Each structure stands twice: as C-alpha cells, then as structure tokens.
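Data first, discussion second: the structure below is written as structure tokens.
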Amino acid sequence: MRITAIRATPVAVPYRYDEVWAYGRRTGQVSVLVEVDTDEGLTGLAEAAAYPSADIVLASLRTVEPLVTGADPRRIEALIHRIDLVGTWHHVRATSPAIAAVEAACWDLLGQACGEPLVNLFGGTFHDRVPFLYYVAKERPEEVAQEGARAAELGFSTCYLKVGSDDPDRDVARVAALRTGAGDAMCLRVDANEAWSTGACVQLVRRLREYRLEFVEQPVSGRNLPEMARVRERIGVPLLANEASWTRQDQLAVIRHGSADALSVDHQMDGGLLNLKRSAGLCEAAGLPVVKHSLGELGVALAASLHVLAATPNFRYANQAYGALLADDVTAGFGGPAENYSAGGLAAPTGPGLGIELDRDKVERYARLYEERGAEFAFHAPGVPTSAPALPKR
C-alpha cells in the first residue's frame, strides 16, 4: 500500500453560543478534515484543529505531502521520523496539528487494512466508557448556573469553566454560580490559561477553594516550572498542567520539577496518536494521571483520540471535548452536541480503523460556511487584534 495524495477540506461548524477565554472569543469551530488516499483504494480519515489558523495547517500539509507521497502508510514510525528529521519539524519542537492528522489518518488506514478498531491496535479496551467534561463558556453568573444545571441533567460528572477575566470578583461569582447550578456532586475544573501571576493566583485560588475544585488548570505561566511548582505547593488545590505540557519533552520537564498534580496531553500538539499513548505512559511511570486536552474538535479528532484513551489506564478523569458548545458535527452519528454523549461519556467506535464515517452533506454545508464566513470563527474576537493584552493579566 502506498500514499498517493493528501486532500484537505476546511470546515466551520457553529457553536451554541460563543466560547470566551482569557484572551479571546470565537463563535464556532474551524477544523481541517484530512483524507489520505492510497493506491489500494483505501482512504484514511483524520482532522486537524485550525491552530493557530486554517491557513497555517493547510500550508503545513502542503510541506508534508511530498515527504509522504509514495510511502507505505502502515510504516507509521518511519513516516513520522521522515517528517520530523528530513522535513525538519523536529527543530520546530511543538509540531503542527497537520502532522498529527496525517499520522492519525495512517492509523485509520492500518485499522482498515487489518479489519480492527484502533483501540485494539493500541492495547485493547481498558475503559469501556471514557468520561468527558461539560465545557461551560458563559459569561454571566446566572447563565453559568443554567449551564451547570444542564450538565447535571445530561449526566455529566465534571464541569469546566474558563477564568482569568479582567475582574477577579467576577471569576469568583461565576465559579460560585456553577457550583450552585451544577450541584454538590459535580466536579468543577477551572482554567486560567496562564492569566495570573503567582501572587494573584495564590490569592484567587484560596478564595475559590470553598467551591471544592477538582483541578485548577495552568493558572500561571508554563514557562517557569520552578515557580509553577511553588504555586502548586501554596494553593491547596490540585494543579493541572496544560500550556506547560504540550510535548513529551515538556511533560518530562514538568515531572522533573514537580510542577503539577496531573498533566493535560494532546495528540494534535505532539505529533499524533502514538505520542499520546507515550505521553500517558511517561506520566504513569511518574505516578501521575493525565487528561486529554482539546484545541476544539469535531467528531473525527474526538474518535481518533478516544481509541487511545479507551486503551490507556491512567486517563481516569474527565477529558476535554467540545460537545457542550457544538451545535452540529460532520460525522454520521458520532460525537457532536452533548446530547449525543451517554451520561457524559463515550465508548470507542467498534468499526475498522476510526470506525466512523463522514456525513458528506454536512461536510459540504460547513465547507461552504468556511468559505463564506471562516474569518468569523477565528480564535480572536473582532477588535482584539488592535488591543495589547498583558500576560499575566494580574
């Protein structure tokens, strides 16, 4: 079997409401669907988050295609090493989601060729059902409470809330509202996206402790690991690394410095599904749990990572996904809105490879939406490029 071409289709899928984080806002999800064709008629499917933009992902795919055309997609290690070393991506350090998508598409091809779901190729099912969190992105406390109640009604066990606003009192009010709306049984996780200095973080997290947080995610810079370790010792809430743990090399440094109680890992930021499995193994050896991070994903990328999560022991906590925000999806009956989850969780698909199919009508619809309004779905809100936010905010 040989790769003959890579096809890429950018799509834009709306959210139920805007996603707001410490430095931006977006109204929907842009992803690039990637299809890897072969001379035997099989096509591997994958998805790349448009991070930092769809244009950069598409450009990355163009640079990768000559390196993989003619290669055997079943020789995944050799193919990725060719991209990393001959293509010089090794020197970029944090790889593009485009490379991860090519790697995932090759795994899909391998699974199709041998007639097995990917979960079996990654060690077999360990978790029959993988939990995911409910992402609450509302701004006003009363709306946050309503979303928390919705999460509980749908059977989710964990809610995730962005903090790091310009007004810390507002963050406290939103966390309090989420606890009220979601109820006492719900696990609460907050993410500041590095928005706080050490002093501000210690002060704010101590104010939030009464709401029984499961994790506070990347509250301070991930570039100063000794200081991050000091924060971890002082806040009294488990610290989840994210921006500090994009790659396996980053994760090893976090472990060495004792900078986190758990690590967020992401196959799209570190070269693919095999490296996701390696990340989990690295953390397992250190006695640390991992959770899957998401840059925003549709059902294709969700299914790809889900196979690895289901086969890996230390994915014990709820993982990040965008079901609470997505108004629709491009797959035929998998992923998408939160109503499609079962009690906040998903089982790995059982068909060969990824085990899912695209809904071609929806792909066409959302590809057209990307062409017409793609700029509206970027990570930044209108007006943000003219501002100059500081990091950290406080």
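Based on the alpha-carbon gyration tensor of the chain and its eigenvalue square roots a ≥ b ≥ c, which shape applies: rounded if a/c is under 1.5, prolate if not and a/b is larger than b/c, or oblate? In terms of gyration-tensor shape, prolate. Contact order, relative form, for the chain: 23 percent (alpha carbon pairs under 8 Å, 6 or more residues apart, mean separation divided by residue count).
Three principal axis extents describe the C-alpha atoms of segment 120-346; from largest down they are 46, 40, 26 Å. Here the dipole of segment 90-172 is about 220 debye; that uses its Cα centre as origin and unit charges on the Cβ of Lys and Arg (positive) and Asp and Glu (negative). Look at the dipole of the chain built from charges on Cβ: of Met186, Ser294, Ser259, the Cα furthest out on the positive end belongs to Ser259.
Over the residues of the chain, the helix contribution to mean residue ellipticity at 222 nm works out to -11000 deg cm²/dmol, using -39500 (n - 2.57) for each DSSP H run of at least 4. Exposure proxy ranking for Arg25, Arg140, based on other Cβ atoms within 10 angstrom of each Cβ and starting from the fewest, stands as Arg140, Arg25. Computed from point charges on the beta carbon alone (+1 for Lys and Arg, -1 for Asp and Glu), the dipole magnitude for segment 120-346 about its Cα centre is near 660 Debye.
Using Cβ point charges alone (K and R +1, D and E -1), the dipole size of the chain about the Cα centre works out to roughly 1120 debye. Annotation note: trypsin sites (Lys or Arg not before Pro) in segment 123-232 located in DSSP loop regions with a Cβ neighbour count of at most 15 within 10 Å are Arg129, Arg212, Arg223.
May I ask which residue of Ala145, Ala244, Ala324 lies farthest towards the positive end of the charge dipole of the chain, with charges of +1 (Lys, Arg) and -1 (Asp, Glu) on Cβ and the Cα centre as origin? Ranked along the dipole, the leading option is Ala244.
When the Gaussian network model of the chain links Cα atoms closer than 10 Å, the mean-square fluctuations of Ala195, Ala338, Ala173 top out at Ala173.
Listed values for segment 284-297 are Karplus-derived 3J(HN,Hα) couplings in whole Hz (6.51 cos²θ - 1.76 cosθ + 1.60, θ = phi - 60°), namely 4, 5, 8, x, 10, x, 10, 10, 7, 8, 9, 7, x, 8, and x replaces Gly and Pro. Taking label positions 7 Å along the Cα-Cβ direction at both Ala285 and Asp55, the computed distance is 4.1 nm, reported to one decimal.
Please give the net charge around Asp166, taking every other residue with its beta carbon less than 9 angstrom from that of Asp166, where Lys and Arg add +1 and Asp and Glu add -1. Combined, the nearby Lys, Arg, Asp and Glu give +2.
Spatially close Lys pairs in the chain, defined by Cα atoms under 21 Å apart and a spacing of eight or more places or different chains, total 5. Modelled spin-label separation between Ala343 and Arg129, with each label point placed 7 Å from Cα along the Cα-to-Cβ direction: 0.3 nm.
How much length is gained if the chain between Arg74 and Arg230 is pulled fully straight, taking 0.36 nm per residue apart and subtracting their Cα-Cα distance, in nm to one decimal?
On the way: separation 156, 0.36 × 156 = 56.16 nm, distance 4.49 nm.
Value of the extension gain: 51.7 nm.
Read-outs: derived from the displayed coordinates by stated rules, not from any lab. These numbers were taken from a predicted model, which means no experiment stands behind them. Counting neighbours? That spans all protein chains shown, and the Cβs are built from the backbone with ideal geometry, glycine included.
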